[in-house]
Ligand code: PMP
């Protein structure tokens, strides 16, 4: 019998087993056409159907209105750190940044490279990014070009439980690590971007959801391939997109709809996270690293004691031997991290919790 391995990697990450099996089945001979989808032209009817279905699924799952374009781009979320300011910067205006972790910080750096002035609305570095705090106290200058947030901080394990009110200021969100994990009112955002490789599929495609009209701001000096307007006009087919990644996104979003959509998945995610945090808090051995109110339901970061590196190493190697991979914390922060995206089944959480209990009993 096949061994079950639970994959707690932060991204690329675990995908639904049913989706993996379907992709396997269709890989060599896509729906009877006699060849694989990776071999198909991005201009041919089978792929057209796929990209349209992927978009329709995403619109349905997130409740995206006709006021928004949905794009499938390349270059990862990291390219969006540059592409967003390139397209949306306004001469003489600053960009508001809420620095809640490494990914928000990297986005801010790119805006600086492009010469944008920065309004640092929140500086989480002071608290070592262990919290987000009360966003209602944040001050936004309505004269800025836009405001940038990172909705879920993959490395530090914090997330917004409430988004800041930026007034008329367009709000841009990097939702790479929590997109479609909970119900979000898309209308609050001018632009949302997310790499696919956590909740939506494999790496290689980046989803951009963008309010219509916003792309018109783009200065004329921005190259064709880096303009949102290019991809809007060509419906993400200006050049060859990552066809296989988009195919996988279609399968994952089909699966999400079968699960009952985002509300049903959110409920499961809440139960999964609550179980895991309870195991940490009740252990007297493990310690969560973030402010409880700001804990991420996607990336659960914890340490052993005050940061016992020897035991943490042992935890990683023994958990791997027990069929659980990817539990090492990000190299920037150390410790342990369990990434429990949509596709992580409850059985994976139960296995991890049981392993943690046994490990604490043996080593406590
Ligand atoms: N933003 C967030 C929140 C992330 O977690 C990551 C990747 N872990 C990135 C951006 C960078 O994404 P990519 O590797 O797709 O450029």
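The values are calculated or read from the model by the stated rules, or taken from the named source; none is laboratory data. Because the structure is predicted, anything quoted here is derived from the model rather than measured. Glycine also receives a Cβ, built like all others from the backbone with ideal geometry; neighbour counts cover every protein chain displayed.
Residue 287 fulfils the conditions (1) crowded, with 23+ Cβ neighbours inside 10 Å; (2) assigned to a strand (DSSP E or B) except for a single criterion, (1). Kindly provide the set of residues from the range 64-77 that are within 16 Å of the ligand (Cβ to nearest atom) and out of contact with any helix residue (DSSP H, G or I) (no Cβ under 7 Å at 6 or more places or on another chain), ordered by number. 74, 75, 76, 77, listed by residue number. Could you grab the pairs with beta carbons closer than 6 Å, sequence gap of 6+ or different chains, first residue in the range 93-121 and assigned by TED's automatic domain parsing to the domain that holds residue 177 and within 14 Å of the ligand (Cβ to nearest atom), second one in a helix (DSSP H, G or I) and modelled with pLDDT of 95 or more? As it stands, the answer is 97/108; 99/105; 99/124; 100/124; 106/81; 107/81; 110/81; 110/82, since those pairs meet every condition given.
In this structure, is residue 356 surrounded by 21 or more Cβ atoms within 10 Å (Cβ to Cβ), part of a loop (DSSP other than H, G, I, E, B) and modelled with pLDDT of 95 or more? So residue 356 fails the test. The residue of the range 106-118 that is nearest to residue 194 (Cα to Cα), among those that are in contact with a strand residue (DSSP E or B) (Cβ under 6 Å, 6 or more places away or on another chain) and buried (at least 18 other Cβ atoms within 10 Å of the Cβ), is 107. Any idea how many residues of the range 312-344 are in a loop (DSSP other than H, G, I, E, B) and either touching a residue at least 12 places away in the same chain (Cβ under 8 Å) or on the phi > 0 side of the Ramachandran plot (or both)? The qualifying residues number 15. Only a single item in (1) under 24 Å from residue 54 (Cβ atoms); (2) in a helix (DSSP H, G or I); (3) outside the structural domain of residue 303 (by TED's automatic domain parsing) is not met by residue 207, and it is number (2).
Okay, residues lined up against (1) in a strand (DSSP E or B); (2) farther than 25 Å from residue 231 by Cβ:
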position: 69; (1), (2): yes, no
position: 80; (1), (2): no, no
position: 85; (1), (2): no, no
position: 104; (1), (2): no, no
position: 111; (1), (2): no, no
position: 115; (1), (2): no, no
position: 120; (1), (2): yes, yes
position: 133; (1), (2): no, yes
position: 147; (1), (2): yes, no
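Please indicate, with yes or no, whether at least one residue in the range 187-196 is in a loop (DSSP other than H, G, I, E, B), over 14 Å from residue 104 (Cβ atoms) and within 9 Å of the ligand (Cβ to nearest atom). Looking through the range 187-196, at least one residue is in a loop (DSSP other than H, G, I, E, B), over 14 Å from residue 104 (Cβ atoms) and within 9 Å of the ligand (Cβ to nearest atom). Annotation note: of 215, 173, the sole residue that is within 11 Å of the ligand (Cβ to nearest atom), crowded, with 20+ Cβ neighbours inside 10 Å and not assigned by TED's automatic domain parsing to the domain that holds residue 296 is 173. The set of residues in the range 220-237 that are farther than 13 Å from residue 48 by Cα and surrounded by 15 or more Cβ atoms within 10 Å (Cβ to Cβ) comprises 222, 226, 227, 228, 229, 230, 231, 232.
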